[in-house]
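Presented below is the structure to which this report refers.
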Amino acid sequence: MGEIVLQASHIHKYFEDPVKVKVLHDINFSINKGEFVSITGKSGCGKSTLLYILSTMDTEFEGDLSINGVSTHLKSEEELATIRNEKIGFVFQFHYLLNEFTVLKNVMLPALKLGKLSPVKIEQNAMLHLENLGIRDKAFKKANQLSGGEKQRVAIARALINDPLIIMGDEPTGNLDNKNSQIVYDIFNSLCEKYNQTLLIVTHDKSFASHTHRIITMNDGIIISDSPK
Amino acid sequence: MNFRLILDISRSMMMARWQQTLVAAIGVTFSITMFISLLGFMNGLNDMLDGLVLNRTPHIRLYNDIKPTEIQPIHKTTNNDRIYAFINSVKASNSRMEIDNSAAIMKVLNRDNRIKGICPRLNAQVLFRSGTIDITGMVNGIEARAESELFSFGDYVNSGKAIDLQFVPNSIILGKGLAEKLLVVPGDMVQLTTAGGERLSLKVVAFFQSGIADYDKVQSFTSIQTVQKLLGKPNNHVSDIQIKLHDMSLAPMMAKEFHTIYGTDAEDIQSANAQFETGSFVRNIISYAVGITLLIVAGFGIYNILNMMIYEKMDSIAILKATGFSGKDVRSIFLSIALSIGLAGGLLGLLFGLIFSRLIDKLPFETQALPTITTYPVNYDLKYYVTGLTFALITTFLAGYFPSRKASSIDPVIIIRGK
Ligand SMILES: Nc1ncnc2c1ncn2[C@@H]1O[C@H](COP(=O)(O)OP(=O)(O)O)[C@@H](O)[C@H]1O
Ligand SMILES: [Mg+2]
């Protein structure tokens with residue numbers, strides 16, 4: 001297989017609420033470049049918790065996480081922010097756009113933060129992504145004037161803007177109707193197929209998961225099956 | 001770091017909550033306006049009150065006081081350890097009020113480049129005759145031009161010109177109160193009698209009004225030559241030399257120096273008017289205290305608004321962090337919101353402060369005591385404007401510091417999960 005993009009080794013996670021509860025137990029797996037992976041399992045089994053750890057936002061866990069072959073252990077908050085900015089694109093269940101900005105600006109922000117390209121070039125790229133996702137005409141609207149499905153596509157465009165190593169999604173279709181869910185799935189699928197984009201999507205939508213290339217199933221904090229198609 | 005991006009984000013956040021932002025900025029504007037106008041006004045008053053005394057007080061005055069000599073004749077013969085002289089009822093005798101060798105002293109003083117200028121004076125006690133009664137008074141022989149240049153003498157003269165003392169022979173300027181007692185107006189003649197019995201008729205050319213009524217009831221001014229004539233003294237006879245320095249702070253040191261060199265009494269302005277410094281100082285403290293109190297109140301306003309903004313923008317903060325903005329970036333965003341409010345509010349405050357000061361400056365303020373002043377005095381020193389803006393920035397920085405630290409430590413996972 002190809003190069004390893006993300007590697008989780010012996011990840012354990014506890015919550016103290018108020019007694020110590022173990023929510024993740026010895027999670028081990030790795031994701032290769034170009035894979036379209038889904039994590040499923042019933043509600044409360046620890047999928048989101050795992051994804052926050054894999055995304056470097058949650059650093060309170062045991063075990064190790066490597067992204068692009070580099071361990072995130074002992075990295076500073078600022079270094080982790082840079083990793084998220086550069087290497088990871090996010091899509092959440094609730095789109096989380098910044099309502100004070102236009103759609104275009106929302107898409108541009110992570111790239112402006114990265115600062116590798118000129119603002120003009122970034123704007124061109126952002127327009128291109130919006131175009132590919134079929135929402136070019138919404139570019140200059142405020143984020144809160146869009147429908148749920150449109151917002152989710154903006155979030156995908158934002159996730160793509162820095163050409164990330166991996167796109168992560170936490171129930172990205174959880175809040176959408178069937179039609180929009182299908183659109184989002186098609187986008188992910190074509191990203192994977194056309195651009196060899198790596199994707200890791202948490203979902204409890206069985207049909208969505210069944211169309212991905214690899215399904216990791218969890219139950220009560222452990223991986224019970226990991227089946228490539 | 002990406003400063004422009006941070007500013008751009010702060011600006012958008014402020015625009016989204018522009019009403020609250022405006023209220024916060026108005027708070028700062030209000031306090032800086034008050035700070036500037038208060039300090040300008042207070043210091044204007046300070047300058048005026050100080051000027052009232054300091055402008056017309058010599059920095060150093062050389063004179064001979066009436067007092068017994070320090071070395072009594074007996075000391076000259078009992079100058080050893082075994083004998084100690086006790087003298088009872090020592091009196092001053094045959095004291096000479098004039099300054100010895102005044103012409104030579106003045107020549108030397110005129111060459112001293114620490115000195116801005118000097119004015120000799122010759123004072124005499126006289127009786128002014130009015131009908132059948134005699135009024136005691138004091139006549140100051142002066143050089144009108146030099147006194148006006150160095151001690152603003154001309155500012156306190158009305159109903160005529162100070163310089164007339166030099167041009168009109170046998171002329172006199174009477175204190176306003178004294179003139180009222182004598183029932184004379186400029187153009188009238190007054191008759192003076194000295195203690196020695198000498199008499200002279202002088203023509204009133206103007207009134208003098210110092211602002212201190214008791215002073216104006218006894219004082220009068222004429223040329224130094226007229227007093228010399230009145231006392232029957234030669235034309236180098238001088239009782240006081242008034243000295244104005246370039247740097248007032250040298251006065252105590254130079255007074256000591258002149259005392260030892262010339263053997264006269266030398267009084268410096270600091271020991272003569274110690275209380276004035278204290279007055280100015282207290283007024284300054286009051287203005288700063290009021291200004292800073294207002295700023296602290298404004299600071300709490302900013303603190304509240306930032307806290308509210310951060311509470312409202314939890315989602316935005318979480319998403320910024322999730323997409324790669326660090327805690328430091330988030331802190332910079334909210335700090336720059338605070339500082340922008342401080343800077344904009346502060347600058348506007350300076351402008352309104354200036355406008356307000358101009359208005360105060362236009363208000364009529366007429367008082368008998370201060371003939372040269374017609375409107376309220378205001379000081380426009382740049383120092384207060386710089387201080388005001390600095391205070392505004394410091395307060396808003398402090399007001400923004402804690403909320404932005406809170407924002408920077410928001411855990412995006414908790415927010416994103418919370419939905
Ligand atoms: N902050 C927290 N404190 C305590 N328990 C938590 C916290 N967050 C999640 N949990 C618990 O951890 C478990 C896993 O949650 P989660 O990862 O959100 O599940 P999933 O996303 O699979 O539905 C659940 O039992 C949940 O109640
Ligand atoms: Mg979940």
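Six or more apart or on different chains, Cβ atoms under 6 Å: show the pairs whose first residue is in segment A:170-182 and more than 14 Å from chain B (Cβ to nearest Cβ) and in a helix (DSSP H, G or I) and whose second is β-branched (V, I, T) and within 16 Å of ligand 1 (Cβ to nearest atom).
These pairs meet every condition: A:S181/A:T173.
From B:T395, B:T374, B:T390, grab the single residue that is in contact with a helix residue (DSSP H, G or I) (Cβ under 7 Å, 6 or more places away or on another chain), of a type outside the set (A, V, I, L, M, F, W, C) and away from chain A (no Cβ under 14 Å).
Within the list B:T395, B:T374, B:T390, the selection yields B:T395.
Exactly one condition in (1) within 14 Å of chain A (Cβ to nearest Cβ); (2) without any contact (Cβ under 8 Å) to a residue 24 or more places away in the chain is false for B:M309; which is it?
Just one mismatch for B:M309, condition (2).
Against the condition buried (at least 18 other Cβ atoms within 10 Å of the Cβ) and closer than 15 Å to A:V91 by Cβ, how does A:D186 come out, does it pass?
Here the answer is no, as A:D186 does not meet what is asked.
Just wondering, is there one or more residues in segment A:196-219 that are β-branched (V, I, T), part of a loop (DSSP other than H, G, I, E, B), within 16 Å of ligand 1 (Cβ to nearest atom) and under 17 Å from the mean Cα position of the chain (by Cα)?
Yes, segment A:196-219 contains at least one residue that is β-branched (V, I, T), part of a loop (DSSP other than H, G, I, E, B), within 16 Å of ligand 1 (Cβ to nearest atom) and under 17 Å from the mean Cα position of the chain (by Cα).
Quick one: which helices (runs of 4 or more DSSP H) sit completely within segment B:175-259 and have at least 2 residues that are touching a Phe, Trp or Tyr at 6+ places or on another chain (Cβ under 7 Å)?
By residue number, B:176-182.
Name the residues in segment B:312-355 that are of a type in the set (V, I, T) and touching a residue at least 40 places away in the same chain (Cβ under 8 Å), would you?
Listed by number, the residues that qualify are B:I317, B:I319, B:V330, B:I333, B:I337, B:I341.
In this structure, does A:L112 turn out to be away from every other protein chain (no Cβ under 13 Å) and either free of Cβ contacts under 8 Å to residues at least 40 places away in the same chain or assigned to a helix (DSSP H, G or I) (or both)?
In short, no.
Take the residues of segment A:24-60 that are within 14 Å of ligand 2 (Cβ to nearest atom) and of a type in the set (K, R): which is modelled with the lowest pLDDT?
Top of the filtered list is A:K42.
Here is a yes/no grid of residues against (1) more than 14 Å from chain A (Cβ to nearest Cβ); (2) touching an Asp or Glu at 6+ places or on another chain (Cβ under 7 Å); (3) closer than 30 Å to B:M309 by Cα:
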site	(1), (2), (3)
B:L343	yes, no, yes
B:S357	yes, no, no
B:Y380	yes, no, no
B:P412	no, no, yes
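Do you know which residues across segment A:1-23 are under 23 Å from A:N68 (Cα atoms), at pLDDT 90 or above and over 18 Å from the mean Cα position of the chain (by Cα)?
A:S9, A:H10, A:I11, A:H12, A:K13
Within segment B:8-52, work out how many residues are over 17 Å from the mean Cα position of the chain (by Cα), away from every other protein chain (no Cβ under 14 Å) and among the aromatic types (F, W, Y).
Counting residues in segment B:8-52 that are over 17 Å from the mean Cα position of the chain (by Cα), away from every other protein chain (no Cβ under 14 Å) and among the aromatic types (F, W, Y) gives 2.
The values are calculated or read from the model by the stated rules, or taken from the named source; none is laboratory data. Owing to the predicted nature of the structure, the values given are computational and were not obtained by experimental measurement. Backbone-built Cβ (ideal geometry, glycine too); neighbour counts: all protein chains shown.
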